[in-house]
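Working notes, beginning with the structure itself.
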2 protein chains.
Amino acid sequence: MRKDALRNRQRVLEAADAMFREHGVEVSVGEIADAAGVGRGTLFRNFKNKDALIAAVLGERLGEVLDYGRQLLVEDPDDAEVTFTFVTGLVERQEENRALLQTVTDELFMSVPELQGAHAALLELLGALLARGKRVGAIRPEATATDLMMLVKGLCMYSSTDQQPLAAETIMRHLDLVRAAMTMPEYSRPLRGAPVPLPV
Amino acid sequence: MRKDALRNRQRVLEAADAMFREHGVEVSVGEIADAAGVGRGTLFRNFKNKDALIAAVLGERLGEVLDYGRQLLVEDPDDAEVTFTFVTGLVERQEENRALLQTVTDELFMSVPELQGAHAALLELLGALLARGKRVGAIRPEATATDLMMLVKGLCMYSSTDQQPLAAETIMRHLDLVRAAMTMPEYSRPLRGAPVPLPV
DNA sequence: CACTAAGCGGACCATAGGGTCCGGTTGTGT
DNA sequence: ACACAACCGGACCCTATGGTCCGCTTAGTG
């Protein structure tokens, strides 16, 4: 591959990542190409179609998330909090990257193998994190990775769909709700921060 | 208004309602007009634009939901379960009407005054339901209507975004998670049903 | 330096969706 | 029965988007 070609590919990846972060995967390829300073032709020569570009960018981002979670599992084998440490990190990343969890559980993208794999891996990781919490009696024994996934996805979708992004304070509060749903009562905690103000 | 005009308006409303139920508000006005057996011109003569049609249909559906909730408030002034009775009903309706909660908290539709009002009314209703639960010590005192809204919206979005609609069993399970998040520990209950199977 | 294949990018295409328009039709009061 | 306003509906327009194509440019090698 020629040097300039590689450089352009890189530029597209970076531009796509930036645009996805800010606007979600709905941004048009045209805008991405413009941001990258290349023509549409160049973009599509490097990525078969938009889905392939999404898979390339988000696959990597999700990979980082998975690494983070696996790292947590290794670091402290008896941390009852590990699930919520991870989920908090996940939500924080989602907060500065609208696209991060868009591809997970979305009919459109479940057909892209690379993302399907990331989804499965994420569920597996959540399962492992929960298992740790269950061992020390922090997590309800019947709770599953899918249960947690639903709550987290819901939280993320809710906050990124809203007009203006929710305050970090509100997100922390919502995380406390997730915690209350998943933990044994004595591991619950009071809700932090203020509720979202009524719009208008 | 001429008789045939009125009849056509009605047909459009019914067709739109049916299409929204099944496909969500994303269906094209063309499909709605076809289903109603009228031309696009007729549709747009009766409703200024697509948003107006959505507001007309969903406004009515949301009104029914509000009536249901207010009815519950009147019927038994000491029912600790009233919040979850309502939310279960809400989720059941959403299950057979993809569009029901789409308009709530969606940037696109928060600008339509009629739906904005319905949103505010829904939050107010949830607040009243929760207040009842708090009085008898069933609901966490710091929990707010917005907290519940987030959980319910998340649950609904999660289930209607998925490839195939989730099993009713799974939705009941998720409702138990919502309950766990909102209630005092002794009002929680074990999760019903089986978790969602891993896709592929 | 010159040649050539790899690479470039923007003009172009097809599709889809919301919304408008107008020539023809039809309900309805007289 | 007639006239005419109200009404109809589909052809049409405009915009946006994903994706293709091809004449021009340029990296890089002999």
Inset, instruction - Using only atoms on other chains, find how many Cβ atoms lie within 10 Å of each Cβ of peptide B:176-183 and report the average. - result: 6
Inset, instruction - Taking each label point as 7 Å beyond Cα in the direction of the beta carbon, state the distances from residue B:24 to the same residue in the other copies, shortest first, in nm. - result: 0.9
Legend entry - Other protein chain Cβ atoms within 10 Å, averaged over every residue that makes up B:137-148: 4
Inset, instruction - Mind ranking B:33-43, A:82-92, B:70-80 by how tightly packed they are, going by the mean number of other C-beta atoms within 10 angstrom, highest first? - result: A:82-92, B:33-43, B:70-80
Inset, instruction - May I ask you to compute the full-extension gain from residue A:44 to residue A:192, defined as 0.36 nm times their residue separation minus their alpha-carbon distance, rounded to one decimal in nm? - result: 48.7 nm
Inset, instruction - Give the calculated FRET efficiency between residue A:128 and residue A:92 to the nearest 0.05, with a Förster radius of 25 Å applied to their Cβ-Cβ distance. - result: 0.75
Legend entry - Förster radius 30 Å - calculated FRET efficiency between residue B:172 and residue B:18, Cβ distance, rounded to 0.05: 0.70
Inset, instruction - Answer rounded, prolate or oblate for the protein assembly as shown, using the Cα gyration tensor with square roots of eigenvalues a ≥ b ≥ c: rounded when a/c is under 1.5, else prolate when a/b is larger than b/c, else oblate. - result: oblate
Legend entry - Value at 222 nm in deg cm²/dmol, rounded to 500, when DSSP H runs of n ≥ 4 in the protein assembly as shown each add -39,500 (n - 2.57): -22000 deg cm²/dmol
Legend entry - Of A:182, A:12, A:62, farthest towards positive along the dipole that unit charges on Lys, Arg, Asp, Glu beta carbons give chain A: A:12
Legend entry - Long-range amide H partners of residue B:80 with built H, under 5 Å: none
Inset, instruction - In nm to one decimal, list the spacings between the residue B:127 label point and its equivalents in the other copies, with label points set 7 Å along Cα to Cβ, shortest first. - result: 4.4
Inset, instruction - Report the residue of chain B with the smallest Cβ-to-axis distance, using the rotation axis that brings B onto A, in whole Å. - result: B:154, 1
Legend entry - Radius, Kirkwood style, for chain B when every pair of distinct Cα atoms is counted (Å): 18.2 Å
Inset, instruction - In nm to one decimal, list the spacings between the residue B:107 label point and its equivalents in the other copies, with label points set 7 Å along Cα to Cβ, shortest first. - result: 2.3
Inset, instruction - Using the Cα centre as the reference, give the magnitude of the dipole from point charges on the C-beta atoms of the protein assembly as shown (Lys, Arg: +1; Asp, Glu: -1; all else neutral), rounded to the nearest 20 debye. - result: 880 debye
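Values quoted throughout were computed directly from the atomic coordinates according to the rules given, and no laboratory measurement underlies them. The structure presented is a predicted model; accordingly, all values stated were derived computationally and were not measured. Backbone-built Cβ (ideal geometry, glycine too); neighbour counts: all protein chains shown.
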